[in-house]
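**Q** Before anything else, here's the structure in question.
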Amino acid sequence: MMNKVPVILISGFLGSGKTTLLLRLLAHARQIPLRPAVLMNEMGEYDVDGAIITEEMPDVSVEGLLEGCICCSKRNELAGALHTLLSQDPDLIFMETTGVANPEQVLEELRSPLLADRLYLVHSISVVDAELFHEYNSRFTADKELVQTLHGQLRTADFIVVNKTDAASSREVKRVVKSIRKLNDTAKLQTAEYSRVDLGPLLEPALASVSVAAKPVQVSQPAPAAQAQRTDATASDDPISVKGIGQPGSISRSTAFKVISGHSHSHDPNQPHSFSRLESLTLHQYTLQSLEKERLESFLTGIGSSLLRAKGYCVLPHEGTMLLQYSGSHLEWQPTALPVSQGYVTLIGEQLDKASITDQWEQCFISL
């Protein structure tokens, strides 16, 4: 009987720092060395984060499930994607969910007969944005589906990262930790900047599994609350570097945007959509004219509070190809190693005015 492969599940709301943590875990795993593989779930039509990983670490197998969540609309495709990764004979599989996925339902799938004999969970990690945690919980109070999802990301975790503490006051960080402990008082908890946490203990079960008998599928028992602590890994003080991201295929103007609306976590297809108002919109840089950086920044800030997250890459006239990351009104640009002729930006927000946003996007390409 073949050994089961350990799984580490990473969840957390939009822009909390999941992919940054995943990149650190992958780098550490390869140093051990372990052979990791990744299943990346994205709401948008392109796998931005998966492409970042592929460019950084081309030897790591990555499977992407796009335009939906593995806890609901993409749930039927999860087993197939995992079996594709298993065929690569990895020592460890990382699963990163979308920011609005409920890991409780993902864990159910891992216990299904299709997967239980091949995989077992060693950690369920939840990443929290210290600066925006309370703001989001207050903002989405009326959206019971989304609140349940945010709480589920914390309840199922045995390891919680309170991230981006450099952007929040020490008082706010303490408030966030206190709120989290009301939902989960047993998980190990670390505060961090740029997802720098103690990586060794997270990978120890996976390292042990390479040489010991497989275990049944189950959630690892959380550590006592008394073990909560702040631990910074030995990474540098700068954000983790990104060499580049992949290039999409040819894009025509007729596919200028793609909308995923009415995101629902309902398992029953006959049930109506949930009250969740979050949706995804992908905008393509479909002309040969360069996109001015200042115009793009004005475009994003002009959308207003309905925009929660934006990511993608654009070809800029002076800077070249740049990776864009926007979260909580914070905009970051990072150069990429791979030049591309066409770019795109995926927006995730609440009740986005798609027609108006598309019109504003096209205005970015009109010459002054």
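The values are calculated or read from the model by the stated rules, or taken from the named source; none is laboratory data. From a predicted model like this one, the values you see are computed outputs, not experimental measurements. Neighbour counts are summed over all protein chains in view; Cβ atoms, including those assigned to glycine, are modelled from backbone coordinates with ideal geometry. Ligands, DNA and RNA are excluded from the accessible area calculation, which covers all protein heavy atoms including side chains. Shrake-Rupley method; radii C 1.70, N 1.55, O 1.52, S 1.80 Å.
**Q** At a Förster radius of 51 Å, what calculated FRET efficiency corresponds to the Cβ-Cβ distance of ASN3 and SER329, to the nearest 0.05? Before the final figure, lay out each step's value.
**A** Working: r = 46 Å, r/R0 = 0.91.
Computed FRET efficiency for ASN3 and SER329: 0.65.
**Q** Hey, another quick one. Strictly greater than 15 Å: what percent of every Cα pair in the stretch 278-364 meets that?
**A** Numbers: 1997 of 3741 pairs.
Summing the P(r) tail past 15 Å for the stretch 278-364 gives 53 percent.
**Q** On the accessible surface of the stretch 278-364, probed at 1.4 Å, how many percent belong to carbon and sulfur atoms? Could the numbers behind the result be given before it?
**A** Values: 1640 of 3340 Å².
Carbon and sulfur: 49 percent of the exposed surface of the stretch 278-364.
**Q** Tell me the label-point distance for the pair GLU193, ALA337, using the 7 Å Cα-to-Cβ offset, in nm and rounded to one decimal.
**A** Spacing of the two 7 Å Cα→Cβ label points: 2.7 nm.
**Q** Still on this model: Assuming R0 = 30 Å, what is the FRET efficiency of SER138 and ARG30, from their Cβ-Cβ distance, to the nearest 0.05?
**A** Details: r = 40 Å, r/R0 = 1.34.
Using R0 = 30 Å, I get an efficiency of 0.15.
**Q** Going by accessible area, probe 1.4 Å, with all protein chains left in place, what is the ranking of ASP91, ASP185, largest first? Please list the in-between numbers first.
**A** Details: ASP91 30, ASP185 90 Å².
Solvent-accessible surface, decreasing: ASP185, ASP91.
**Q** Could you check how much of the accessible area of the stretch 5-212 is carbon and sulfur, as a whole percent, using a 1.4 Å probe? Don't skip to the answer; put the middle values down first.
**A** Details: 3410 of 7050 Å².
After summing per-atom areas, the C and S share lands at 48 percent.
**Q** While we're looking at this one, here's another question. With every protein chain left in place and a probe of 1.4 Å, what is the accessible surface of TYR344, to the nearest 10 Å²?
**A** Per-residue accessible area (TYR344): approximately 10 Å².
**Q** Using only the alpha carbons of the stretch 5-212, what is the convex hull's orientation-averaged projected area in square nanometres?
**A** Details: hull surface 44.5 nm².
The orientation-averaged projected area of the Cα hull of the stretch 5-212 comes to 11.1 nm².
**Q** Then there's this: Under the 0.36 nm per residue contour assumption, what length would be gained going from the current alpha-carbon distance of SER306 and ARG171 to full extension? It would help to have the intermediate numbers written out before the result.
**A** Values: separation 135, 0.36 × 135 = 48.60 nm, distance 2.71 nm.
Full extension of this stretch gives 45.9 nm more.
**Q** To continue, here is another question. Any number yet on Rg/Rh for the stretch 72-186, C-alpha, Kirkwood? Before the final figure, lay out each step's value.
**A** Values: Rg = 16.1 Å, Rh = 15.7 Å.
Here Rg/Rh amounts to 1.02.
**Q** Residue farthest toward the positive end of the dipole of the stretch 278-364, with Cβ of Lys/Arg at +1 and Asp/Glu at -1: which of LEU323, SER305, HIS284?
**A** LEU323
**Q** How large is the accessible surface of SER112 in square angstrom, using a 1.4 angstrom probe and rounding to the nearest 10?
**A** 20 Å²
**Q** Still on this structure, please answer the following. Please report the accessible area of SER138 (heavy atoms, 1.4 Å probe, ligands and nucleic acids excluded) in Å², nearest 10.
**A** Around 80 Å² of this residue is reachable by solvent.
**Q** Then there's this: Can you figure out the FRET efficiency of VAL147 with ASP117, using R₀ = 41 Å and their beta-carbon distance, to the nearest 0.05? Write out the running numbers ahead of the final one.
**A** Working: r = 35 Å, r/R0 = 0.85.
With R0 = 41 Å, the Cβ-Cβ based efficiency is 0.75.
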